[in-house]
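Here the structure comes first, spelled out in structure tokens, and everything after it is commentary.
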There are 2 protein chains.
Amino acid sequence: MAQVTIREVARTAGVSPATVSRVLNTSETVSPDLKERVLAAVRDLGYRPNSQARSLRTRATTVLGVIISDITNPFFTAMVRGVEDVASAAGYSVVLANADEDLRKEQRYLEVAAAEQMAGVLLSPASATETSIDVLAERGIPVVTIDRRLKSADVDWVMVDNHRAAKEATLHLVEQGCRRIGFIAGRLGTTTGAGRLAGYRAGLRAAGLPSARELVVSGEFRIDGGREATERLLALPDRPDGLFVSNNLMTIGAVDALDTAGVRFPDDIALVGFDDMMPALSLRSQITAVSQPTYEIGRQATELLLRRVSGEPFPERHITLNAELKVRESSIRA
Amino acid sequence: MAQVTIREVARTAGVSPATVSRVLNTSETVSPDLKERVLAAVRDLGYRPNSQARSLRTRATTVLGVIISDITNPFFTAMVRGVEDVASAAGYSVVLANADEDLRKEQRYLEVAAAEQMAGVLLSPASATETSIDVLAERGIPVVTIDRRLKSADVDWVMVDNHRAAKEATLHLVEQGCRRIGFIAGRLGTTTGAGRLAGYRAGLRAAGLPSARELVVSGEFRIDGGREATERLLALPDRPDGLFVSNNLMTIGAVDALDTAGVRFPDDIALVGFDDMMPALSLRSQITAVSQPTYEIGRQATELLLRRVSGEPFPERHITLNAELKVRESSIRA
DNA sequence: ACGTTCCGAGAAATCGATTTCAGAAATCGA
DNA sequence: TCGATTTCTGAAATCGATTTCTCGGAACGT
């Protein structure tokens, strides 16, 4: 219960605190005799340095923060594996925070990261324009954004080419003979949401199809958002014959709404999603989807972040990875 | 970039650091004039107290740690919502760590929690016997375990009655006419895994059915674990006519293995899982499952933890919540 | 009017580590 | 052998906050 301090270790080893610190942290030479006594004392007392005192002095921690926008989204949890593997190999710990697509929560966690002097932060911003990383920038804490970008700040990022991927998916639906393709957009305030919408429109344009305003419905990146959007599209007098849902959770909602309405895919409507679901959904219903290299995004983002953390200077770095359209049953019309 | 310290605030306000601290933290009276000047200086300089320095002095933080055993498991992520809601209402932040069912990682995160002097920790231990929370106990950091218990430590916990739930599920399969019920167990080293197995056996006993050793297969709490276990059961000369899978991710693997083998449920085999999947799987395939009140587990565990954090003394508290068997298509044999 | 109590605010100690500084001992060179 | 240099170690300063201690002046009672 009583905290073991460096002073007690020093006392039982019969040396000064400075010597204890030298033995534990630096490569300065300490006579073998003292070194031995210090290590023995550390072992016996079960000494564990107080990391707050240490990082107060050194202004450095070995904790990385990951602030993600929705912890229930498998996309993020899969990515976190990549983050953890790289981080722990480099001796860093990873703590996660769930901003829940809420700017206030996000801001609070950014402040926590700043106050805790985290070594670096990975962030998927809730908004491209309203999210501010000033509190981190002020303290020189490096940030890499993942999955989404920030409009203002000059920050490293790692993401896929949403525009291209969405265009490709749209053209795939066109090839399957779709002429009225509905698009369920996520939060347009995110670069991800906007990029995918633009890609969809580009796809229609490239195919020479008109882009009807009523075919684009946007909602939250949630299951409910996808369900409601789908219901609205199904209520149109002239129903779409193709549907492109720009997020995985929304796709689940869309499938549910289609089931409920008795609309079958691919027969009545060709369906394409974005991001693989958990293995769960895809196993049973084989949904065509744009698949992102989630693990790789986490891995590369973390490597980038650690280079920043180490103080290495290099120009703003942007990494664009490839997303792959995985064609499965839900979009194939014989 | 330069950190704004309390000293600078004091200087620009023309007061001592002690006064600044008093204005910001305590209810001690400070003359309105000085108070005003301090607040103005804080605002102008954008002062943000260094939480390390503060908690070094006060030995207290407002961060709760949640160490879960698998971040990709929807059960945990759903629970975290309950945690966050309660915590943030009380002014606490929540950081997550993913121990990944790995004792070493778990231990590392426990040490991080100790070193960071977190106010309290919620833990789903990787092992009932090998996980040690000594590092936290030594520093007086309260712990509440969730979903699983620890054998040794006298610690508060919140979980469901796994034994009863598993027994009920088993009896349900018996009622459906099953006579050879396979059981896919998770890690028996966890109280959860062991409790569910015991419940299954109790169910068989209550129904007067023999419990055949070859019908129980255990594996990791993972999709692959469920797939492999199912394959082994299907390879038995005398195939089971019912299958109870004791974890959600494993259930996904089991469904996959059944599909691959061309075994249909509920016709060829009646299937019951534990924990709802993401809405994903259940939507499409309607799997009967023991459903846990995940949000509620998170909520109550956090309330308990916060009471401990506040120093309130009360005897070791154990909360058992009810799990509900949700009967769906996968187990109904006409 | 004078001594006592109370109150507000600054000076200084403190939390637990790291790091600078300075001094004693050991080593080296001539 | 003696002075110069190097090596090792402890004392003390430091990080940025909070909290205790202390003291001057105002308020109060007799």
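The values are calculated or read from the model by the stated rules, or taken from the named source; none is laboratory data. Model, not experiment: these values are computed from the prediction. All Cβ positions, glycine included, derive from the backbone under ideal geometry; neighbour counts span all protein chains shown. Heads up: the accessible areas ignore ligands, DNA and RNA and are worked out on the full protein's heavy atoms, side chains in. Shrake-Rupley method; radii C 1.70, N 1.55, O 1.52, S 1.80 Å.
When the stretch B:299-323 is examined, which residues are found to be open to solvent by 60 Å² or more (accessible area, probe 1.4 Å) and in contact (Cβ under 8 Å) with a residue 40 or more places away in the chain?
Of everything in the stretch B:299-323, those that are open to solvent by 60 Å² or more (accessible area, probe 1.4 Å) and in contact (Cβ under 8 Å) with a residue 40 or more places away in the chain turn out to be B:R299, B:E303, B:E316, B:R317, B:H318, B:T320, B:N322.
Can you tell me which residue within the stretch A:278-291, out of those that are farther than 16 Å from A:S246 by Cα and at pLDDT 55 or above, is farthest from the other protein chains (Cβ to nearest Cβ)?
The extreme case among them is A:Q286.
For residues that are in contact with a Leu (Cβ under 7 Å, 6 or more places away or on another chain) and surrounded by 22 or more Cβ atoms within 10 Å (Cβ to Cβ), scanning just the stretch A:122-132, find the one that is nearest to the other protein chains (Cβ to nearest Cβ).
Restricting to residues being in contact with a Leu (Cβ under 7 Å, 6 or more places away or on another chain) and surrounded by 22 or more Cβ atoms within 10 Å (Cβ to Cβ), the top hit is A:L122.
Do you know which residues across the stretch B:101-116 are within 11 Å of another protein chain (Cβ to nearest Cβ) and of a type in the set (D, E)?
B:D102, B:E111, B:E116
Say we look at the stretch A:239-277 and pick out the residues that are over 21 Å from A:L197 (Cβ atoms) and away from chain B (no Cβ under 13 Å); which of these is surrounded by the most Cβ atoms within 10 Å (Cβ to Cβ)?
Ranking the candidates gives A:P266 first.
Yes or no, residue by residue, for (1) at pLDDT 95 or above; (2) assigned by TED's automatic domain parsing to the domain that holds A:P266; (3) of a type in the set (S, T, N, Q):
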residue	(1), (2), (3)
A:T129	no, no, yes
A:I133	no, no, no
A:E138	no, no, no
A:A153	no, no, no
A:G177	no, yes, no
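Out of everything in the stretch B:19-48 that is in contact with a helix residue (DSSP H, G or I) (Cβ under 8 Å, 6 or more places away or on another chain) and within 7 Å of DNA strand C (Cβ to nearest atom), what residue ends up being nearest to A:A114 (Cα to Cα)?
Among those that are in contact with a helix residue (DSSP H, G or I) (Cβ under 8 Å, 6 or more places away or on another chain) and within 7 Å of DNA strand C (Cβ to nearest atom), it is B:T19.
Do you know which residues across the stretch A:192-213 are without any contact (Cβ under 8 Å) to a residue 24 or more places away in the chain and either part of a loop (DSSP other than H, G, I, E, B) or under 18 Å from A:M250 (Cβ atoms) (or both)?
Matches in the stretch A:192-213: A:G208, A:P210, A:S211.
From the set of residues in the stretch A:51-81 that are within 16 Å of DNA strand D (Cβ to nearest atom) and among the aliphatic types (A, V, I, L, M), which is farthest from the other protein chains (Cβ to nearest Cβ)?
A:A60
Consider B:A119 against the criteria (1) more than 10 Å from chain A (Cβ to nearest Cβ); (2) open to solvent by 30 Å² or more (accessible area, probe 1.4 Å); (3) more than 21 Å from A:E84 (Cα to Cα): it satisfies all of them except one. Which criterion is unmet?
Going through (1) more than 10 Å from chain A (Cβ to nearest Cβ); (2) open to solvent by 30 Å² or more (accessible area, probe 1.4 Å); (3) more than 21 Å from A:E84 (Cα to Cα) one by one, B:A119 breaks only (2).
Restrict the check to the stretch A:226-239 and report whether at least one residue is touching a residue at least 24 places away in the same chain (Cβ under 8 Å) and over 18 Å from A:I269 (Cα atoms).
No - not one qualifying residue is present in the stretch A:226-239.
Give A:T58, A:T62 a once-over and let me know the one that is within 16 Å of DNA strand C (Cβ to nearest atom), more than 24 Å from B:L64 (Cβ to Cβ) and surrounded by fewer than 22 Cβ atoms within 10 Å (Cβ to Cβ).
None of the other options fit; the residue is A:T58.
Looking at (1) within 9 Å of chain A (Cβ to nearest Cβ); (2) closer than 20 Å to B:L306 by Cβ; (3) free of Cβ contacts under 8 Å to residues at least 40 places away in the same chain, which is the one condition that is false for B:N98?
Checking B:N98 against (1) within 9 Å of chain A (Cβ to nearest Cβ); (2) closer than 20 Å to B:L306 by Cβ; (3) free of Cβ contacts under 8 Å to residues at least 40 places away in the same chain, the one that fails is (2).
Only one of (1) part of a helix (DSSP H, G or I); (2) under 21 Å from the mean Cα position of the chain (by Cα) is not met by A:E316, so which one is it?
The single condition A:E316 does not satisfy is (1).
Out of B:R187, B:R149, which single residue is charged (D, E, K, R) and either open to solvent by less than 10 Å² (accessible area, probe 1.4 Å) or more than 30 Å from B:D241 (Cα to Cα) (or both)?
B:R149
From the list B:G65, B:G91, exactly one residue is small (G, A, S) and in a strand (DSSP E or B). Which is it?
The match here is B:G65.
Confirm whether B:R48 is surrounded by fewer than 21 Cβ atoms within 10 Å (Cβ to Cβ), more than 9 Å from every other protein chain (Cβ to nearest Cβ) and farther than 30 Å from B:R149 by Cβ.
No.
What about A:L24, is it within 15 Å of DNA strand D (Cβ to nearest atom), among the hydrophobic types (A, V, I, L, M, F, W, C) and at pLDDT 90 or above?
Taking the combined requirement at face value, the residue satisfies it.
On the basis of being surrounded by 24 or more Cβ atoms within 10 Å (Cβ to Cβ), part of a helix (DSSP H, G or I), more than 16 Å from DNA strand D (Cβ to nearest atom) and at the interface with chain A (Cβ under 7 Å from one of its Cβ atoms), does B:E84 make the cut?
Taking the combined requirement at face value, the residue satisfies it.
What number goes with the only condition from (1) more than 10 Å from chain A (Cβ to nearest Cβ); (2) in contact (Cβ under 8 Å) with a residue 40 or more places away in the chain that B:L24 does not pass?
Only one criterion in (1) more than 10 Å from chain A (Cβ to nearest Cβ); (2) in contact (Cβ under 8 Å) with a residue 40 or more places away in the chain is unmet by B:L24, namely (2).
Which residues, counting only those in the stretch B:173-190, are in contact with a Phe, Trp or Tyr (Cβ under 9 Å, 6 or more places away or on another chain) and either among the acidic types (D, E) or outside any loop (DSSP other than H, G, I, E, B) (or both)?
B:L173, B:I181, B:G182, B:F183, B:I184, B:A185
Report, ordered by the first and then the second residue, all pairs with beta carbons closer than 7 Å, sequence separation of six or more or different chains, a first member in the stretch B:54-72 that is closer than 15 Å to B:A115 by Cβ, and a second member that is in a strand (DSSP E or B).
Pairs found: B:V63/B:S93; B:V63/B:V95; B:G65/B:V95; B:G65/B:A97; B:G65/B:V121; B:I67/B:A97; B:I67/B:V121; B:I67/B:L123.
Could you tell me which residue of the stretch A:3-45 is surrounded by the fewest Cβ atoms within 10 Å (Cβ to Cβ), considering only residues that are outside any helix (DSSP H, G or I) and within 43 Å of the chain's Cα centre (by Cα)?
Among those residues, the one meeting the criterion is A:S27.
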